[in-house]
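What follows is one structure encoded as structure tokens, with my remarks underneath.
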């Protein structure tokens, strides 16, 4: 499972929550998004990098 925080004003994504978007400066706009990573997809993408 992976969690990211996206600014609802400018769309910038962060790995950690903050009270203020570091890109556009808006306060209280970071929204938590959690999703499950597909391990098979990640393994395939990693193999492509070696070819």
*Measuring from label point to label point, each 7 Å out along Cα→Cβ, what is the residue 1 to residue 23 span in nm?*
2.5
*asked:* So if each residue of separation counts as 0.36 nm, and I subtract the Cα-Cα distance between residue 9 and residue 32, what length gain in nm does that give?
replied: 6.9 nm
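Since every read-out is calculated from the coordinates, none of them should be taken as a lab result. The structure displayed is predicted, hence computed values, not measured ones. Don't worry about glycine lacking a Cβ; one is built from the backbone with ideal geometry, like all the others, and counts go over all protein chains shown.
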